[in-house]
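A short write-up of the structure that comes next.
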Amino acid sequence: MSDSTVKFILSEKDIPTTWYNIIPDLPFQMMPPLHPGTLQPMNPGDLSRLFPMAVIEQEMSSKPEIDIPGEVLDVYRLWRPSPLFRARRLEAALRTPARIYYKYEGVSPAGSHKPNTAVAQAYYNKREGTRRLATETGAGQWGSALAMACSFFGLECSVYMVKVSYDQKPYRRALMQAYGADVTPSPSPKTAAGRSILAASPDSPGSLGIAISEAVEDAATHDDTKYSLGSVLNHVLLHQTVIGQEAQLQMEMAGEKPDYVVGCCGGGSNFGGLALPFVGETLKTKGSGRRGPRAIAVEPSACPTLTRGVYAYDYGDTAKVAPVAMMYTLGHGFVPAGIHAGGLRYHGDSPLVSALFHHGLIEARAVKQLPVFEAAVLFARSEGILPAPESAHAIRTAIDLAVEARETGADPAILIGLSGHGHFDLAAYDAYAAGILEDYEHPQDEIDRAIAELPVVNITAGEAS
Ligand SMILES: Cc1ncc(COP(=O)(O)O)c(C=O)c1O
């Protein structure tokens, strides 16, 4: 490789043919998801109302690798393998000895990493006879990914879009509609969950927890409809591991082993997709003396799930109809401020990411909105790509690490998960440029109140699946 190389490109034959399942490599047992009604461990039958059997099997699988179907690979070929760049111009702007790399998922047609799982979920649903998928979306990235995937496989798609994002991001709604989806602002009068929120709080800005309740209710009350989730669950992180597997090959091409792997964390799917293959490699070579990279999940101070939440069983949604998961949570009633990183406004977190954090195998940081946009703009001015506000959380932390390196004289290799572009987030950039964007740190007393409403669950590790 010449010393000025900036792009590390794989060929189509390097697209992973299996998804990596970290569960068999974990040094602890995962706690099982619980039924929201009985608070007892769920069995596959409980989940079949919401998901196709292939997805349920993956959710509970202990196989180390799961084959990616040819039909899914055919769609992945439209944008995979995604490129990995060395951010030489950002390094120069920061005058840092650190080497900064970013794995760019914004090259997918919908503009983010979300199609990696949307395509797989749409495929399995089609194969098992589903006619329509219902889902929620925050910023609209997930909704547009699923809308696109449904159009590829001939499924109808209904999206409940968090109201604050529906108003802030009308063009994402237009994109979903162009792919053929119907889009409803949430909370909505279409579902019992939405109606009860509106009765109590007519001006509710909505939250991912509320939108999930609506989409789950929609699926559970229509025989031909299933539910699809764009983050949090094991099968979603599994599908996203194509990112980390490719990045491992590309870092090898660059002659590097990353010292840091940094991803933003909403429900944990892009962070998990990038980090799990690296964490898994460290776990597999444990005892060899080799130290793996420090994996850092970055969240907003307005929704500090890992850094200020509790590790406990909680409902995945506001109306308590979705499965109950063991995770870091701010409480299912938590409604974060309407920050522009809509995809990071979730009260909980992936059980896998949560467990890794709980067991000290990954780290977490929270960052505020204004420094995030400052980092996003510096990144755009040096690398050209305008990042999604969500992804800019990872950039902020990578910049902090690179500046720290300048000060300490260290020269780490930092790998950023650049999960999407921000071309549909220009209203946010506009607000930042106009100086009207606010910082937000969620008050501790509100977090404490939301956490006080956690369900009382009597399950011990002995009952783990
Ligand atoms: C570009 C982008 N990055 C990150 C996220 C956060 O989700 P997750 O933590 O599942 O990757 C979202 C969610 O919508 C997103 O759109």
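The values are calculated or read from the model by the stated rules, or taken from the named source; none is laboratory data. This is a predicted model, so every value here is computed, not measured. Cβ: placed from backbone, ideal geometry, glycine included. Neighbour counts: every protein chain shown.
Residue pairs whose Cβ atoms lie under 6 Å apart, separated by 6 or more positions or on different chains, with the first residue in region 371-395 and among the small types (G, A, S) and the second away from the ligand (no atom under 15 Å from the Cβ) and modelled with pLDDT of 95 or more, are A375/I399; S382/R89; S382/L90; S382/A93. Here H222 meets each of (1) out of contact with any Ser or Thr (no Cβ under 9 Å at 6 or more places or on another chain); (2) touching a residue at least 40 places away in the same chain (Cβ under 8 Å); (3) under 19 Å from R86 (Cα atoms) with one exception, condition (3).
Would you be able to say whether some residue in region 368-389 is closer than 14 Å to T305 by Cβ and either away from the ligand (no atom under 16 Å from the Cβ) or crowded, with 24+ Cβ neighbours inside 10 Å (or both)?
Quick first cut of region 368-389, residues closer than 14 Å to T305 by Cβ only: none.
Checked region 368-389: no residue is closer than 14 Å to T305 by Cβ and either away from the ligand (no atom under 16 Å from the Cβ) or crowded, with 24+ Cβ neighbours inside 10 Å (or both).
Of all residue pairs spaced 6 or more apart or on separate chains, those with beta-carbon atoms under 8 Å, a first member in region 127-138 that is away from the ligand (no atom under 16 Å from the Cβ) and of a type in the set (A, V, I, L, M, F, W, C) and a second member that is assigned to a loop (DSSP other than H, G, I, E, B) and at pLDDT 95 or above are L133/L155; L133/S228; A134/H222; A134/S228. Picking from residues in region 256-273 that are touching a helix residue (DSSP H, G or I) at 6+ places or on another chain (Cβ under 6 Å) and near the ligand (Cβ under 6 Å from one of its atoms), the one that is nearest to V242 (Cα to Cα) is S269.
Give region 11-39 a look and list any residue that's β-branched (V, I, T), in a loop (DSSP other than H, G, I, E, B) and modelled with pLDDT of 95 or more, or say none.
Quick first cut of region 11-39, residues β-branched (V, I, T) only: 15, 17-18, 22-23, 38.
Now narrow it down to the ones that are in a loop (DSSP other than H, G, I, E, B): 15, 17, 22, 38.
If the condition is that a residue be β-branched (V, I, T), in a loop (DSSP other than H, G, I, E, B) and modelled with pLDDT of 95 or more, then I15, T17, I22 are the ones that fit.
Being at positive phi, out of contact with any Gly (no Cβ under 6 Å at 6 or more places or on another chain), surrounded by fewer than 14 Cβ atoms within 10 Å (Cβ to Cβ) and in contact (Cβ under 8 Å) with a residue 40 or more places away in the chain is true for just one of G409, G435. Which residue is that? Give the derivation first.
Numbers: G435 fails: in contact (Cβ under 8 Å) with a residue 40 or more places away in the chain.
G409 is the lone residue from the list that is at positive phi, out of contact with any Gly (no Cβ under 6 Å at 6 or more places or on another chain), surrounded by fewer than 14 Cβ atoms within 10 Å (Cβ to Cβ) and in contact (Cβ under 8 Å) with a residue 40 or more places away in the chain.
When S204, S196, S188, S228 are checked against the criterion of being buried (at least 24 other Cβ atoms within 10 Å of the Cβ) and polar (S, T, N, Q), S228 stands alone in meeting it. Tell me whether region 151-172 contains one or more residues that are more than 16 Å from the ligand (Cβ to nearest atom), without any contact (Cβ under 8 Å) to a residue 12 or more places away in the chain and under 30 Å from R381 (Cβ atoms). Yes. The residues listed here are M42, M31, M53; of these, the one that is over 29 Å from Q245 (Cα atoms) and touching a residue at least 60 places away in the same chain (Cβ under 8 Å) is M42.
Name the residue, out of V236, V242, V232, V261, that is touching a Leu at 6+ places or on another chain (Cβ under 8 Å) and either in a loop (DSSP other than H, G, I, E, B) or within 17 Å of P115 (Cα to Cα) (or both). Explain how you work it out, then say what you get.
On the way: V242 fails: touching a Leu at 6+ places or on another chain (Cβ under 8 Å); V232 fails: touching a Leu at 6+ places or on another chain (Cβ under 8 Å); V261 fails: either in a loop (DSSP other than H, G, I, E, B) or within 17 Å of P115 (Cα to Cα) (or both).
When all the criteria are applied, what remains is V236.
Here S188 fits the description: more than 24 Å from P387 (Cβ to Cβ) and not in a helix (DSSP H, G or I). Restricting region 331-357 to residues that are in contact with a helix residue (DSSP H, G or I) (Cβ under 9 Å, 6 or more places away or on another chain) and over 30 Å from H423 (Cα atoms), the residue that is farthest from the ligand (Cβ to nearest atom) is G333. Among the candidates Y328, Y313, the residue that is farther than 26 Å from A139 by Cβ and of a type in the set (F, W, Y) is uniquely Y313.
The residue of region 270-308 that is surrounded by the most Cβ atoms within 10 Å (Cβ to Cβ), among those that are of a type in the set (S, T, N, Q) and in contact with a Lys or Arg (Cβ under 8 Å, 6 or more places away or on another chain), is S301. If I ask for residues that are buried (at least 24 other Cβ atoms within 10 Å of the Cβ) and either closer than 15 Å to V372 by Cβ or within 16 Å of the ligand (Cβ to nearest atom) (or both), which ones from region 412-421 would you list? Across region 412-421, the qualifying residues are L415, I416, G417, L418, S419, G420. The residues in region 146-157 that are surrounded by fewer than 24 Cβ atoms within 10 Å (Cβ to Cβ) and either of a type in the set (S, T, Y) or under 16 Å from the mean Cα position of the chain (by Cα) (or both) can be counted, and the count is 1.
Only one of the numbered conditions (1) touching an Asp or Glu at 6+ places or on another chain (Cβ under 9 Å); (2) assigned to a helix (DSSP H, G or I); (3) away from the ligand (no atom under 16 Å from the Cβ) is not met by E252, and that is (1).
Being closer than 30 Å to G140 by Cβ and either at pLDDT 95 or above or among the aromatic types (F, W, Y) (or both) is the filter here, so list the residues in region 402-429 that pass it. Spell out how you get there, then give the answer.
Pass one, region 402-429, residues closer than 30 Å to G140 by Cβ: 414-429.
Matches in region 402-429: I414, L415, I416, G417, L418, S419, G420, H421, G422, H423, F424, Y429.
Taking region 54-145 and the helices (runs of 4 or more DSSP H) fully enclosed by it, the elements with 1 or more residues that are crowded, with 17+ Cβ neighbours inside 10 Å and touching a Gly at 6+ places or on another chain (Cβ under 7 Å) are at 115-127.
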